[in-house]
Structures are given as C-alpha cells and as structure tokens.
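A short write-up of the structure that comes next.
The values are calculated or read from the model by the stated rules, or taken from the named source; none is laboratory data. These figures come from a predicted structure and were not determined experimentally. Don't worry about glycine lacking a Cβ; one is built from the backbone with ideal geometry, like all the others, and counts go over all protein chains shown. To get the accessible areas, we keep the full protein, side chains included, count just its heavy atoms, and leave off ligands, DNA and RNA. Shrake-Rupley method; radii C 1.70, N 1.55, O 1.52, S 1.80 Å.
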Amino acid sequence: NNIRPGLGANLRYRFGLGKNAPWIRIETKQAYADFTEADRTGWEFRPGIRTGISLTERFALEAAYAYEHFSARDVVFNKDAHNASLRGTLALTASMQIAVGYKYRYGDVNAYAVPPRPDIVRIADVLGEINTFDTPRIAYRFPASTHSGSIAISQSLTSFAALQASYEWQYTSHKFLSYTNHLAELAGVLLV
C-alpha cells in the first residue's frame with residue numbers, strides 16, 4: 001500500500017487549427033511515494049513526450065515516450081526504465097469510445113523468492129532481504145523487457161461522470177525468467 005502525492009506539468013502545441021490537427025506535448029511528473037514498507041518509500045520522476053493526430057472524426061492515434069526514475073530508501077527498489085507506447089482510440093458513438101494500446105518497457109524490475117535462488121543471483125544488479133510478506137524473502141532488481149497490450153472502453157454517463165472498463169496483458173522477460181500479468185479495472189470517473 002502506498003500514497004503517492006505529486007505534481008505534473010505539460011506543454012502542448014498544436015500544428016495547425018482545428019481538432020484534427022497533429023499535436024505534441026512535453027510532460028513531466030514528480031511524486032513522492034510513501035509506502036507502508038518504509039524501504040520502498042522514495043521519489044519518482046517521469047519526464048516524457050507525447051504526440052497524436054486525429055485521422056478521421058472518430059479515430060485518433062497517439063505515440064509516447066517516457067523515462068521513469070524512482071529513488072527509494074533501499075537501493076534494491078531503485079528503478080530506471082524507458083517506456084514507448086502506441087494507442088488508437090475509436091469513438092463508437094458520441095458518448096462511448098474504445099482504445100487499444102501497446103507499450104514496450106525496458107528497465108529495472110523487482111522479483112522476490114524464498115529461499116535465495118542462485119539462478120536469479122547471477123543476473124541481479126542488487127539483492128536484499130525484505131519482510132513485506134509473512135515469510136522473509138530475498139528481493140532482486142535486474143533489467144527486463146516488458147510487452148503490454150491493453151483494451152479499454154469508456155462510456156459517458158453525464159457531462160461530469162463516466163464509467164471505464166479496461167484489461168491489460170503484460171509479459172516481462174529476462175533471459176530464462178518470464179512473468180505474465182493480467183490486470184483488469186472497472187472505474188467510475190467524476191469530473192469536478
């Protein structure tokens with residue numbers, strides 16, 4: 001569990017007039033992550049660049065790159081990574097849209113094991129004992145590649161409220177190790 005207050009800023013420029021003109025946005029985010037487990041607590045910095053274009057009245061494409069840096073109290077949780085993504089959005093109706101995306105991430109990840117695993121020790125940049133779980137485990141940090149595919153559908157309920165459902169599949173690998181994650185989310189959005 002963590003609380004992550006932060007600040008973000010962006011500068012957007014549109015190349016032309018009208019809502020279909022291509023655009024570019026430079027963005028940055030600075031946040032402080034306060035974890036229940038104090039060793040994970042630290043500062044996050046995420047600068048990036050994003051660009052997009054509406055190809056038709058209903059279909060838009062967006063591409064992005066972001067660098068992420070997280071500096072934790074314990075060096076095993078420090079992370080640096082590069083992210084590149086591509087997303088297409090289709091307006092099915094005036095109040096409903098669907099988005100499909102792909103993201104590639106290369107950078108630091110954490111893995112946990114008990115007892116210590118010599119195969120992971122060979123590839124780990126940093127390792128250390130943690131007490132996050134009921135049983136003490138060894139945490140490892142090493143670089144890995146992650147491929148993610150996502151789909152989301154959003155339905156406006158009123159001018160100030162929407163409902164969104166999304167699914168994301170992630171595949172992370174480094175040499176002989178691989179992890180697959182499935183993330184599903186249902187969210188209500190209220191604009192104030």
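All conditions in (1) touching a residue at least 40 places away in the same chain (Cβ under 8 Å); (2) touching a helix residue (DSSP H, G or I) at 6+ places or on another chain (Cβ under 9 Å) hold for residue 123, with the sole exception of (2).
One residue is enough: does the stretch 75-84 have a residue meeting the conditions open to solvent by 40 Å² or more (accessible area, probe 1.4 Å), more than 28 Å from residue 159 (Cβ to Cβ) and out of contact with any strand residue (DSSP E or B) (no Cβ under 9 Å at 6 or more places or on another chain)? No, that holds for no residue.
Taking residue 40 as the residue in question, decide whether it is in contact with a strand residue (DSSP E or B) (Cβ under 6 Å, 6 or more places away or on another chain), open to solvent by 80 Å² or more (accessible area, probe 1.4 Å), modelled with pLDDT under 90 and under 30 Å from residue 128 (Cα atoms).
No, not satisfied.
Taking the criterion of being over 30 Å from residue 157 (Cα atoms) and open to solvent by 70 Å² or more (accessible area, probe 1.4 Å), the residues of the stretch 96-125 that qualify are 104, 106, 112, 114, 115, 116, 117, 118, 122, 125. Within the stretch 165-192, the residues that satisfy the criterion of being in a strand (DSSP E or B), open to solvent by 40 Å² or more (accessible area, probe 1.4 Å) and among the β-branched types (Val, Ile, Thr) are 180, 189.
Looking at the stretch 77-104, which of its residues are touching a Lys or Arg at 6+ places or on another chain (Cβ under 6 Å) and among the hydroxyl-bearing types (Ser, Thr, Tyr)? If the condition is that a residue be touching a Lys or Arg at 6+ places or on another chain (Cβ under 6 Å) and among the hydroxyl-bearing types (Ser, Thr, Tyr), then 85 is the only one that fits.
Taken over the stretch 49-74, the criterion of being open to solvent by less than 50 Å² (accessible area, probe 1.4 Å), modelled with pLDDT of 95 or more and under 26 Å from residue 17 (Cβ atoms) is satisfied by 52, 60, 63, 64.
Restricting the first member to the stretch 149-166 and to residues that are under 21 Å from residue 192 (Cα atoms) and touching a residue at least 60 places away in the same chain (Cβ under 8 Å), and the second to residues that are open to solvent by less than 70 Å² (accessible area, probe 1.4 Å) and part of a strand (DSSP E or B), the beta-carbon pairs closer than 7 Å and six or more apart or on different chains are 155/96; 155/162; 156/162. Of all residues in the stretch 141-164, those satisfying the criterion of being farther than 27 Å from residue 117 by Cα and open to solvent by 40 Å² or more (accessible area, probe 1.4 Å) are 150, 151, 153, 155, 156, 157, 158, 159, 160, 163, 164.
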